[in-house]
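Working notes for the structure below.
The values are calculated or read from the model by the stated rules, or taken from the named source; none is laboratory data. All of these numbers come straight from a predicted model, not from anything done at the bench. When we count neighbours, we look across all protein chains shown, and the Cβ atoms used for this are built from the backbone with ideal geometry, even at glycine.
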Amino acid sequence: MDLLAAISRDPMNVGVVLRLLQVWTLLGSDLGENHFDIQMPGSGVGMFDGCTSQWGLPLSVWGQQYGGVASRQDCFGLPQAIRAGCLFRFDWFMGADNPNVQFVKVKCPAELEARTQCVRQ
């Protein structure tokens, strides 16, 4: 497992920088070179839709396969337990899809590897 530290470069030019620490385990063939996904509720189900079976909601609720729901209002169709993450996307992230970021790949801390039992060979 790699740990990815990403720093958003003001995706919507609002003068705010987000510091984000993301565990990156995405190895899908649908990702381009030097590309990773920030997984947040309402941003699409991607290549392998686990949302419809996990939450028991139809695929249409989740928006576009890649990109997700189209508006803040659409977040209210998602389960209550993940709705705040979708609202964050529109309230703070300003609905950005594929924002400009700078990132650096770092070694995953041993404590996290021990807790998750997920170690990249």
query: residue 61: modelled with pLDDT of 85 or more, surrounded by 15 or more Cβ atoms within 10 Å (Cβ to Cβ), over 17 Å from the mean Cα position of the chain (by Cα) and not small (Gly, Ala, Ser), yes or no?
result: yes
How many residues of segment 30-58 are in contact with a strand residue (DSSP E or B) (Cβ under 6 Å, 6 or more places away or on another chain) and modelled with pLDDT of 80 or more? The answer is 3
Filtering segment 85-121 down to residues that are among the hydrophobic types (A, V, I, L, M, F, W, C) and either surrounded by fewer than 12 Cβ atoms within 10 Å (Cβ to Cβ) or in a loop (DSSP other than H, G, I, E, B) (or both) yields 92, 93, 94, 96, 104, 106, 108, 110, 114, 118, 119
